[in-house]
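What follows is a short report on a single structure.
Since every read-out is calculated from the coordinates, none of them should be taken as a lab result. Note that the coordinates shown come from a computational prediction; the quantities given were computed from them, not determined experimentally. Cβ placement follows ideal geometry from the backbone for every residue including glycine, while neighbour counts extend to all protein chains displayed.
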Amino acid sequence: MSKILIRGAKVLGGEAQDVLIDGETIAEVGQDLSAEGAQVIEAGGQVLLPGLVDLHTHLREPGREDSETVLTGTRAAASGGYTAVFAMANTFPVADTAGVVEQVWRLGKESGYCDVQPIGAVTVGLEGKQLSELGAMHDSAARVTVFSDDGKCVDDAVIMRRALEYVKAFGGVVAQHAQEPRLTEGAQMNEGVVSAELGLGGWPAVAEESIIARDVLLAEHVGSRVHICHLSTAGSVEIVRWAKSRGIDVTAEVTPHHLLLTEELVRSYNAVYKVNPPLRTERDVLALREALADGTIDIVATDHAPHPHEDKDCEWAAAAMGMVGLETALSVVQQTMVETGLLDWAGVAERMSFAPARIGSLENHGRPVSAGEPANLTLVDTSYRGVVDPAHFASRSRNTPYEGRELPGRVTHTFLRGRATVVDGKLA
Ligand SMILES: [Zn+2]
């Protein structure tokens, strides 16, 4: 059994301590632990977090291996400090059967860089018409508990109701991509002053907010649990806050890019800023940060959406929507939430590890950094400052909105069940 001693790490940003890993487990946490028989990593005051968990990743395999594979996506995840990711269902074929989710789950097992938990499609082919085999996917080896048509909205209220009723039986959750389709036909960016000036089709806030309002009421009516993907507007925050105050079982996520970037960037016509839901206004960004701080928004999820060069480096209207995010998420959260004083590192651990694991019913991730727990850990040099260079990404795709931007923090080590997947900032 291999032993690793992490010496002098600020566990969740607290007092510096030593953490001894023995095999796949944390053996001891305390002061001045013996290094006998152990490989020593001098943390030197770096912050130690539970391994991050991403509830919203597009790994693209099967079907779009030109943009990402389970292997390259999990390498990107490990680089960003993640030990588990949930893989969205909008692959080719769609992950709407036990066969496809088991395939993704098996590929995750083989990758070794982080655990992959498949998400099942709510409807057959993401077409919104007929429920897919939710029960069979749950009963499969992949043990699916999160279901989503992400990329598309489950816009039919009856289908959404049935899905909520169905997953309730086994404690599952429906993760909704809230986008009223008729209100967003031809949408290219946030609807507002900037879209009017640029002459681009608008994606109005109400298209998101109306679906969220409907779905929290459906969840209440059915007595089921709903999760809202990538909140992007101040109005969405108000609705979720109201729903929670009413006792409705709703959780919500925000992406790093919606915590930092605004629609003003669209003026560049650089399609790297094209994303769904779109970048919004400064007012929305500030409301989202505040909601993440006060717990109205439960988690940060990346919506890591890799696209090959040819699908992004083209005119705005023709470009694909989405940004990669796994390798920069923690840095963006450090800048927007920690360095602004809105969250401490324990708060980051809650929103990027503990809570996403709970929502997705993952048992061995999002666990406390204490003796007897699985050694899924991330060590972060929070004093680091560096310019984002996508040439160094582990992801197969390079569509980051942060190229050339200085961001704080760097993941120096990631441990998956005691095995280092990242050492000194490099994949092991
Ligand atoms: Zn989405």
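Points worth noting:
- Beta bridges from DSSP with both residues in the chain: antiparallel share about 50 percent, rounded to the nearest 5.
- For the pair segment 46-123 and segment 8-40, the centres of their Cα atoms are 29 angstrom apart.
- Segment 74-158 - Rg and Dmax from Cα coordinates, angstrom: 13.0, 41
- Percentage relative contact order, segment 1-81, counting C-alpha pairs under 8 Å, at least six apart: 27
- Top of Gly51, Gly366, Gly409 by mean-square fluctuation, Gaussian network on the chain, Cα under 10 Å: Gly409
- Here is the P(r) of segment 288-428: all C-alpha pair distances, binned every 5 Å from 0, give 2, 9, 16, 19, 21, 17, 11, 5, 1, 0, 0 in whole percents.
- Global size of the chain as Cα Rg and Dmax, reported in angstrom: 20.6, 67
- Rounded to the nearest angstrom and listed largest first, the equivalent-ellipsoid semi-axes of segment 1-69 from its Cα gyration tensor are 33, 15, 10.
- Choice from Arg385, Arg246, Arg161 with maximal GNM fluctuation in the chain (Cα, 10 Å cutoff): Arg246
- The percentage of C-alpha pairs in segment 128-199 whose separation is greater than 18 Å is 49%.
- Pairs of Cα atoms in segment 116-241 fall into 10 Å distance bins, from 0 up to the last occupied one, in shares of 13, 42, 30, 13, 3, 0 percent.
- Taking all Cα pairs closer than 8 Å and separated by 6 or more residues, the relative contact order of segment 255-351 comes to 34 percent.
- Exceeding the 27 Å Cα-Cα cut-off - candidates Lys10/Lys426; Lys168/Lys274; Lys152/Lys244; Lys109/Lys426: Lys168/Lys274
- Using alpha-carbon coordinates, inclination of helix 234-245 to the longest axis of the chain, degrees: 70
- Here the peptides 249-257, 97-105 are ranked by packing, the mean other Cβ count within 10 Å, and the order with the highest first is 249-257, 97-105.
- Highest-first arrangement of 60-67, 203-210, 224-231, 37-44, where packing means the average Cβ count within 10 Å: 224-231, 203-210, 60-67, 37-44
- Helix axis angle, 98-111 relative to the chain longest principal axis, alpha carbon, degrees: 30
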